[in-house]
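The values are calculated or read from the model by the stated rules, or taken from the named source; none is laboratory data. All figures in this text were calculated on a predicted structure; none of them were measured in a lab. Note that each Cβ is placed from the backbone with ideal geometry, even for glycine, and that neighbours are counted across all protein chains shown. Accessible surface areas use protein heavy atoms only, side chains included; no ligands, DNA or RNA. Shrake-Rupley method; radii C 1.70, N 1.55, O 1.52, S 1.80 Å.
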Amino acid sequence: RSLKAILADDARPYEWLSTTLASVMPAHVVYPKVDERPAGFSARWLKEILRGRLGFTGAVFSDDLSMEGARHVAGRSLLSYAEAAALALDAGCDLVLLCNQSVDGGQAVDALLDGLEAEAAKGHWTPDPDSEHRRLALLPGSPPLGWDELMHDAVYQHALESLP
């Protein structure tokens, strides 16, 4: 589909949600009429359309980098997690996710962190100073409630009542 059709249908909620959402996660979906890269690896989607055109100011999480759609971007052969992370961050993601990879003592996560440093040193990714602000904005503004306070908190009680 064309960008015009996607914006008219799929992206329509951003007209009223773009300034109230704290974060979004683009999928590893490719819209070839807009960009050859999956949305989460596309500066066109993340910087130009999401932030520029739709006015989104919150944080952008990558989708899971261990998924097949994140390992083959723009015709490249199997990417390492660090290479995929660098591409996502360079495209406009503020945070990257590597899910279900804590087996083997977390070696995949350690390799991702070490690899990101190497990718930055090679110039494949430059940290965005605005990303730090968006990441910090996701943190709670007040300290967590103690157990006794939590048990009497109206929001928590309402959440408990909502459980089946």
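Estimated at 0.36 nm per residue, the fully extended path between Thr57 and His133 surpasses their Cα-Cα distance by 26.3 nm. Multiplying the residue separation of Glu68 and Ser142 by 0.36 nm and subtracting their alpha-carbon distance yields 22.8 nm. Based on DSSP H segments of at least four residues, each scored -39500 (n - 2.57), the chain has a per-residue ellipticity at 222 nm of -10500 deg cm²/dmol.
Round to a whole number: what % of the accessible area of the stretch 35-164 belongs to carbon and sulfur, probe 1.4 Å?
Answer for the stretch 35-164: carbon and sulfur cover 56 percent of the accessible area.
Summarising the amide proton neighbourhood of Leu97: residues at separation of 5 or more, or on other chains, whose placed amide H is nearer than 5 Å comprise Ser62, Leu65. Less than 5 angstrom separates the built amide H of Ala59 from those of Ser23, Val24, all sequence-distant by 5 or more or on a different chain.
In the context of the full set of protein chains, the stretch 8-133 has a per residue accessible area of 54 Å² (1.4 Å probe).
Computed over the chain, relative contact order equals 18 percent, with contacts defined as Cα pairs under 8 Å that lie 6+ residues apart.
Taking label positions 7 Å along the Cα-Cβ direction at both Ser162 and Glu48, the computed distance is 3.8 nm, reported to one decimal.
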